[in-house]
Amino acid sequence: MGTACKQIIADVLTETAPKDKDLVVLCSDSRGSGNMAPFYEKFPEQAIEVGIAEQDLVGISAGLASCGKHPYAISPASFLSTRSIEQIKVDVCYSKTNVKLIGISGGVSYGALGMSHHACQDIAMVSAIPNIRVYIPSDQYLTRFMMEELVKDNEAAYVRVSRNATEDVYTPETKFEFNKAVTVKEGTDVTIIAVGEFVSRAKKAAELLAEKGISCRVLDMYCVKPIDKEAVIKAAEETKHIVTVEEHSIIGGLGSMVSTITAENAPCKVKVLGLPDAELICGTQEEIFDHEGLTPEGIASAAESLL
Amino acid sequence: MDKKQLKAKANELRCDALEAIYRAQTGHIGGDFSVIDILTCLYNGVMNVSPEQVDDPDRDRFVLSKGHSVEAFYAVLADRGFFPMEEYINTFSQCGSKFIGHPNNELPGIEMNTGSLGHGLPVGVGMALAAKLDKRDYRVYVVIGDGELAEGSNWEAFQSAVHYGLDNLIAIVDRNGLQISGSTEDVMASGDVAAKLRVFGWDAIDVEDGNDMGQLLEAFEHCKERNGKPHAIIAHTVKGSGVSFIENKASWHHHVPNEEQYHAALKELKGQVE
């Protein structure tokens, strides 16, 4: 098993804070779950606690950003993306403030805690607002690359990561391009486009397909917005079949975005895998994925059924 | 500017806002006229702001949380030279205009976009915190409507401002007692706002006549004290202040005057300017 992406975010912020005195971290009683408690100890002058008040969290972050600070608002994705969605829309996106929103424990990380704690609509909601980028990194190496890019720029972004450690997909040597899909594996018969937790599962699905003589490409679309449109069109044209898989409602997420691109530019068969438009069963993240058939076998089977 | 000059200025600016609303056939005249004395006072006698220092890190910050009173805000900013008054009046709410029906921070002098209520104070807390972190002396002024106090986000910020001892933050409540559906006390009673805020830990004062420049100047002077507490001014204003037939009527929240009413309002306001 690899490392939790949220730990890498904490690491990059901890490394950047001494160099960027304008960097400030804000939590909503979430420093523990965000792995930020050591940051609060080490940089009290750059750490703000707002209490359990997500609207205030984002509003205060926007006010700080408007005065030249570089705020990182770190809070569970479920609350950050819904309780404060209007602050994201008005105070961050509309007012064009450089706020980085870090949604931790995204998707069904808090599986057994119920729908209140699931963030399965966040990508649809945040992506539909102009002036903000949306990222779902898949492993520690990509998270580090993405964060090192984000700490350098001055525009808003929403980053969603899982609670748990995610399996390594890459190595320390892997070269990434910012806002470009990562080709995890080349292939010619079908493409699986995945984000976050599902990139490693997609890679395994591709291996299962290879055993059956099916050549499967795997793309890691960590940059959900701006999505790498060229990579999607290329996959549609070259492999003719696309499966998308994400830890999100099948409405309005990666699958919807990919489908729009293919429909308009390179029509091909697309299968959208994700969480159903329904209440989910009680269980761990893994158990919910299994229940929904979102296993390497399930993904491989969906890909095969397109051919 | 003394208090008489400030009042004359506010009445001149009421004429400009009226003109913009009448031409565009849209606007929120009731709240504009209750808050315009507060804005005129802030921009001409209190705040350290000017068109020459829109990016000065030491400038005072202002957020109009009751963004629908933008017609008054644009008039006050135009008068201070942030942009031409004529451009505002001629293009307000027109297709492609920068003069949108709520504050637009692509215009010089406007810090943040507002419109959805309950957003200004949390943002103001962030700005005041930034001043503290950067050890700068500027102050942050946020104007809130009284109907807007029903938004819970205000109360999150009323707490956090005290938690961080933001004595560089001044919240002004435009307490005109009316909102779109009627009396604030009937719609959702705010009661004694100053008393509530004092319990929260704010230095809160009532201004008996929030359309009186002398009383406003005195209140703003009081709020310059750095006593570890955020400051609140509950300005008891008259909705539609300055035009007798608009005053104190909830129906004028966003009613647009017809030709006869426009001329009658202008005549009454011009009499006050002179």
| field | Failed item, numbered, when B:SER153 is tested on (1) out of contact with any strand residue (DSSP E or B) (no Cβ under 9 Å at 6 or more places or on another chain); (2) surrounded by fewer than 18 Cβ atoms within 10 Å (Cβ to Cβ) | value | (2)
| field | Filtered residues of the range A:102-154 (kept if surrounded by fewer than 24 Cβ atoms within 10 Å (Cβ to Cβ), hydroxyl-bearing (Ser, Thr, Tyr) and in contact with an Asp or Glu (Cβ under 9 Å, 6 or more places away or on another chain)) | value | A:TYR141
| query | How many residues are within 14 Å of another protein chain (Cβ to nearest Cβ) and without any contact (Cβ under 8 Å) to a residue 40 or more places away in the chain when one looks only at the range B:156-187? | reply | 5
| query | Just wondering, is there one or more residues in the range A:181-193 that are assigned to a strand (DSSP E or B), closer than 17 Å to A:ASP122 by Cβ and of a type outside the set (Asp, Glu)? | reply | no
| message | Can you tell me how many residues within the range B:204-263 are surrounded by fewer than 14 Cβ atoms within 10 Å (Cβ to Cβ), over 24 Å from B:ALA171 (Cα atoms) and at pLDDT 95 or above? | response | 6
| task | State whether one or more residues within the range B:185-197 are within 28 Å of A:LEU26 (Cβ to Cβ) and of a type in the set (Asp, Glu). | result | no
| Within the bounds of the range B:251-261, is there any residue that is under 26 Å from B:GLY152 (Cα atoms), in contact with a His (Cβ under 7 Å, 6 or more places away or on another chain) and touching a residue at least 24 places away in the same chain (Cβ under 8 Å)? | yes
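Looking at A:ALA112, A:ALA124, A:ALA156, which is the one that is in contact (Cβ under 8 Å) with a residue 40 or more places away in the chain, of a type in the set (Gly, Ala, Ser), closer than 27 Å to B:ALA130 by Cβ and not assigned by TED's automatic domain parsing to the domain that holds A:ILE251? Don't jump to the end; show me each part of the working.
Numbers: A:ALA112 fails: closer than 27 Å to B:ALA130 by Cβ; A:ALA124 fails: closer than 27 Å to B:ALA130 by Cβ.
Testing whether each residue is in contact (Cβ under 8 Å) with a residue 40 or more places away in the chain, of a type in the set (Gly, Ala, Ser), closer than 27 Å to B:ALA130 by Cβ and not assigned by TED's automatic domain parsing to the domain that holds A:ILE251 leaves just A:ALA156.
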| query | If A:GLN87 passes every condition in (1) touching a Gly at 6+ places or on another chain (Cβ under 8 Å); (2) more than 12 Å from chain B (Cβ to nearest Cβ) but one, which one does it miss? | reply | (2)
| request: Filter the range B:119-150 down to residues that are closer than 22 Å to A:LYS89 by Cβ, more than 9 Å from chain A (Cβ to nearest Cβ) and not in a helix (DSSP H, G or I), then give me how many there are. | output: 4
| Among (1) farther than 27 Å from A:ALA165 by Cβ; (2) of a type in the set (Ser, Thr, Tyr); (3) more than 10 Å from every other protein chain (Cβ to nearest Cβ), the one test that A:SER75 misses | (1)
| message | Restricting to the range B:71-113, count the residues that are touching a residue at least 40 places away in the same chain (Cβ under 8 Å), within 18 Å of B:GLY30 (Cα to Cα) and within 14 Å of another protein chain (Cβ to nearest Cβ). | response | 1
| Residues that are surrounded by fewer than 21 Cβ atoms within 10 Å (Cβ to Cβ) and more than 20 Å from the chain's Cα centre (by Cα), drawn from the range A:187-227 | A:THR188, A:ASP189, A:GLU207, A:LEU208, A:ALA210, A:GLU211, A:LYS212, A:GLY213, A:ILE214, A:SER215
| Given the structure, is B:SER116 within 13 Å of chain A (Cβ to nearest Cβ) and either closer than 18 Å to B:ASP32 by Cα or not in a helix (DSSP H, G or I) (or both)? | yes
| query | When the range A:28-50 is examined, which residues are found to be under 22 Å from the mean Cα position of the chain (by Cα) and within 22 Å of A:GLN140 (Cα to Cα)? | reply | A:SER30, A:ARG31, A:GLY32, A:SER33, A:GLY34, A:ASN35, A:MET36
| field | Scan of the range A:8-43 for residues that are within 11 Å of chain B (Cβ to nearest Cβ) and either free of Cβ contacts under 8 Å to residues at least 24 places away in the same chain or within 25 Å of A:ASN164 (Cβ to Cβ) (or both), ordered by number | value | A:LEU26, A:SER28
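The values are calculated or read from the model by the stated rules, or taken from the named source; none is laboratory data. Everything numeric in this text was worked out from a predicted model, so none of it was measured. Don't worry about glycine lacking a Cβ; one is built from the backbone with ideal geometry, like all the others, and counts go over all protein chains shown.
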